[in-house]
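To keep things clear, I will list the structure first and then write my remarks on it.
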């Protein structure tokens, strides 16, 4: 008997270990059948849909730093005060941690009810595995309160599987003082101007461009943007839809990139530089006045702040401009590479989970979020005006003018394909692959 | 007559019964004591190994059901994957360097610190300290030291060795060596302590006798110290080799296997492919290959090198 109990305890321990901190049920309440290995029909985290009894909702996100972390807790407290029968537990994790733990948790008997999602191929993988709730019917009555373009990124085969709250574009964050010092009065609008400005900045003794290629997704932005400018929205859209990057414009993108790399415009040792960790990361170098610009997403000001001694980043010296157009390319300046953050709901979550998200993306809550100016660019219609930071306002204006937004390719595809694309571009930055080889590697990855 | 024989039979039966009971009891006791260990071993070691082998036969992203059986496809993919074979080579390079550079240095230091002089305890502590600190901490510390224009570069410039400055972690040709130095910096102290412990086991009489016979220091080292230190050396080499095969933490933190796969080890590449790219089947196949390499190495090392050390130490059940 003792042994059987020991074995059962071990089994429970293993299960709980696998569920990690997301498990809301304590080991003692784990159903006996779980120990035997059969799927648990129910658990504390996902009771049968009923609004009368007590409901506990687990919410996994990657907002583990302020102001987002405190903001989320405030919204949760407000919701719980209005709905006394609902308890919402937040697990805020570091981004990479989150990405490691989520697949395990989704496979366990106690998946998080609400979890961060970036749409695209990652969401598709989870949907195809049957882990995500189809929200199409349940939110039909209020779907029109959200930016329709943003909603599209969280759809799989025309069905809504997630709700966005922020969406932005990748663009150049730059140090206005350094540009002025180099005699660059207006940010370059064409790739040729850009290539001409780089040596001018370099001549002032400052590295023109921050790049944190230890994290390969940062370099991939360059290739993706050049591809979008060379190929234009139609070919880019078709390439992603049909998994085919055969068009010669994708080779041209690599050749354009080669021209830039040959100018040696990056911080020393950029191949080993991390994207965002520490003052010597790519974002840290820009924030501390060691480099002049970085191609990065809307979160950049929020990342740069904490990396400077005064916590303010570059302050007023920081500017933003969109990726320049390439002469002869089919792409327009109104087309962008971008993406955002949103939340998905796991398949057995109680209805209160969606009800809470509805509250979270309401105009009132999102206006308060936008007013934090932390890089959140609200996707709730009517909440955009709350953003007051000049750069972020500029970015929002560009977003509303955008004729096409391609989700970052590493999100648009499954992790396997997405990382292979990042890796191929990393090969070019390290001098190991030529433009045609990058295109071939991307093509091979999407055909897997 | 019959009654006595009955008694004899009865006594013999009772004795046999008693013997049987004792036999049963002995096995029950053994079973009871061993069972927890067996349960733990099966649950936490054997079952994951078996599962890894099972998963390695599928193309699987870790989310859906296991449906896409590819047989040995993942293994074929691994052997044809230049980054995986590269990772195997990098791992072997670190293994060989550990045995040929790190271990001799550790041994030399142990020999130096075995002598009696002021401050030797302090020095032992200093050399052993890195081993106690977690890999994550050491990785971050060295990451900062090795930054371009970082403390190491500044120090080199300050003492007039500026021409030695390199992109320590960003140069594809240099990064593996840099990592080896950091790995050694953390782990040589452990081998050194093993050697020091081994040295204290060598009876002083032998060296004294040799000294009286007129042996020089080098001769004593060659004919007394090293032979008697043999078992320790063999074990230290074994642990160092196994550690090299599993090298992960420092590389993962400092370079993530980059730039562009120049510093992948078997384990970092397995994690990169298996987890980050959610190809769990492929990752499992690499884990199995890594396990087989480790197992084969261990078995051969045990058979060929360690056998003489354990030959007299195994308790036989027959007696």
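Any idea which of B:15, B:51 is at pLDDT below 95, over 27 Å from residue A:417 (Cα atoms) and in a helix (DSSP H, G or I)?
Testing whether each residue is at pLDDT below 95, over 27 Å from residue A:417 (Cα atoms) and in a helix (DSSP H, G or I) leaves just B:15.
Looking at (1) at negative phi; (2) away from chain B (no Cβ under 14 Å), find the lone condition where residue A:437 falls short.
Evaluating residue A:437 over (1) at negative phi; (2) away from chain B (no Cβ under 14 Å) leaves (2) as the failure.
Listed residues B:282, B:260; which is under 27 Å from residue B:66 (Cβ atoms), buried (at least 21 other Cβ atoms within 10 Å of the Cβ) and within 14 Å of chain A (Cβ to nearest Cβ)?
Unique residue meeting the criteria: B:282.
Can you work out which of the residues in the range B:163-191 that are more than 14 Å from every other protein chain (Cβ to nearest Cβ) and more than 31 Å from the chain's Cα centre (by Cα) is nearest to residue B:249 (Cα to Cα)?
B:164
Looking at residue A:296, is it touching a helix residue (DSSP H, G or I) at 6+ places or on another chain (Cβ under 6 Å) and crowded, with 21+ Cβ neighbours inside 10 Å?
no
Buried (at least 18 other Cβ atoms within 10 Å of the Cβ) and free of Cβ contacts under 8 Å to residues at least 24 places away in the same chain: does that describe residue A:254?
no
Would you confirm, using the coordinates I've provided, whether residue A:391 is on the phi > 0 side of the Ramachandran plot and in contact with a helix residue (DSSP H, G or I) (Cβ under 9 Å, 6 or more places away or on another chain)?
On the way: on the phi > 0 side of the Ramachandran plot: no; in contact with a helix residue (DSSP H, G or I) (Cβ under 9 Å, 6 or more places away or on another chain): yes.
Here the answer is no, as residue A:391 does not meet what is asked.
Of these, B:148, B:65, which one is part of a loop (DSSP other than H, G, I, E, B) and loosely packed, with under 12 Cβ neighbours inside 10 Å? Can you show your working first?
Details: B:148 fails: loosely packed, with under 12 Cβ neighbours inside 10 Å.
On inspection, the qualifying residue turns out to be B:65.
Is it fair to say residue B:206 is within 30 Å of residue B:304 (Cβ to Cβ), touching a residue at least 24 places away in the same chain (Cβ under 8 Å), over 20 Å from the mean Cα position of the chain (by Cα) and not in a loop (DSSP other than H, G, I, E, B)?
Against the criterion (within 30 Å of residue B:304 (Cβ to Cβ), touching a residue at least 24 places away in the same chain (Cβ under 8 Å), over 20 Å from the mean Cα position of the chain (by Cα) and not in a loop (DSSP other than H, G, I, E, B)), residue B:206 does not qualify.
Quick check, is residue A:349 surrounded by 23 or more Cβ atoms within 10 Å (Cβ to Cβ), assigned to a loop (DSSP other than H, G, I, E, B), out of contact with any helix residue (DSSP H, G or I) (no Cβ under 7 Å at 6 or more places or on another chain) and at pLDDT 90 or above?
Criteria met by residue A:349.
Sort out which residues of the range B:64-80 are over 22 Å from residue A:122 (Cα atoms) and out of contact with any strand residue (DSSP E or B) (no Cβ under 8 Å at 6 or more places or on another chain), and write them in order of number.
Matches in the range B:64-80: B:71, B:72, B:75, B:76, B:77, B:78, B:79, B:80.
How about the range A:269-289: which of its residues are in contact (Cβ under 8 Å) with a residue 24 or more places away in the chain and surrounded by fewer than 18 Cβ atoms within 10 Å (Cβ to Cβ)?
A:278, A:279, A:289, listed by residue number.
Quick one: which residue in A:374, A:355, A:364 is in a helix (DSSP H, G or I) and farther than 28 Å from residue A:126 by Cα?
Unique residue meeting the criteria: A:364.
Among the candidates B:123, B:99, which residue alone is in contact with a helix residue (DSSP H, G or I) (Cβ under 7 Å, 6 or more places away or on another chain) and either without any contact (Cβ under 8 Å) to a residue 24 or more places away in the chain or not assigned by TED's automatic domain parsing to the domain that holds residue B:284 (or both)?
The match here is B:123.
Would you say residue A:302 is over 20 Å from the mean Cα position of the chain (by Cα) and at pLDDT below 95? I'd like the intermediate steps shown before the answer.
Numbers: over 20 Å from the mean Cα position of the chain (by Cα): no; at pLDDT below 95: yes.
Answer is no for this residue.
Right, residue B:126: more than 14 Å from chain A (Cβ to nearest Cβ) and either within 23 Å of the chain's Cα centre (by Cα) or not in a helix (DSSP H, G or I) (or both) or not? Don't jump to the end; show me each part of the working.
On the way: more than 14 Å from chain A (Cβ to nearest Cβ): yes; either within 23 Å of the chain's Cα centre (by Cα) or not in a helix (DSSP H, G or I) (or both): yes.
When the stated conditions are applied, residue B:126 passes them.
Outside any loop (DSSP other than H, G, I, E, B), touching a strand residue (DSSP E or B) at 6+ places or on another chain (Cβ under 7 Å) and either buried (at least 18 other Cβ atoms within 10 Å of the Cβ) or away from chain B (no Cβ under 12 Å) (or both) - does that describe any residue in the range A:302-312?
No, there is no match, as no residue in the range A:302-312 is outside any loop (DSSP other than H, G, I, E, B), touching a strand residue (DSSP E or B) at 6+ places or on another chain (Cβ under 7 Å) and either buried (at least 18 other Cβ atoms within 10 Å of the Cβ) or away from chain B (no Cβ under 12 Å) (or both).
Restricting to the range A:79-108, name every residue that is more than 14 Å from every other protein chain (Cβ to nearest Cβ) and either touching a strand residue (DSSP E or B) at 6+ places or on another chain (Cβ under 8 Å) or surrounded by 14 or more Cβ atoms within 10 Å (Cβ to Cβ) (or both).
A:79, A:80, A:83, A:85, A:86, A:87, A:88, A:89, A:90, A:91, A:92, A:93
So, in the range B:164-192, how many residues would count as being within 25 Å of residue A:429 (Cα to Cα) and assigned to a helix (DSSP H, G or I)?
Total satisfying the criteria: 7.
Among what's in the range A:191-223 and is in contact with a helix residue (DSSP H, G or I) (Cβ under 7 Å, 6 or more places away or on another chain) and assigned to a loop (DSSP other than H, G, I, E, B), pick the residue that is farthest from the other protein chains (Cβ to nearest Cβ).
Across the range A:191-223, the extreme among qualifying residues is A:204.
Select, from B:223, B:269, the only residue that is over 15 Å from the mean Cα position of the chain (by Cα), buried (at least 23 other Cβ atoms within 10 Å of the Cβ) and in the same structural domain as residue B:201 (by TED's automatic domain parsing).
Of the residues listed, the single one that is over 15 Å from the mean Cα position of the chain (by Cα), buried (at least 23 other Cβ atoms within 10 Å of the Cβ) and in the same structural domain as residue B:201 (by TED's automatic domain parsing) is B:269.
Inspect all residues belonging to the range A:211-228 and state whether any of them is more than 21 Å from the chain's Cα centre (by Cα) and at pLDDT 95 or above.
Within the range A:211-228, none of the residues are more than 21 Å from the chain's Cα centre (by Cα) and at pLDDT 95 or above.
The values are calculated or read from the model by the stated rules, or taken from the named source; none is laboratory data. Values in this document were obtained by computation on a predicted structure and should not be read as measured data. Note that each Cβ is placed from the backbone with ideal geometry, even for glycine, and that neighbours are counted across all protein chains shown.
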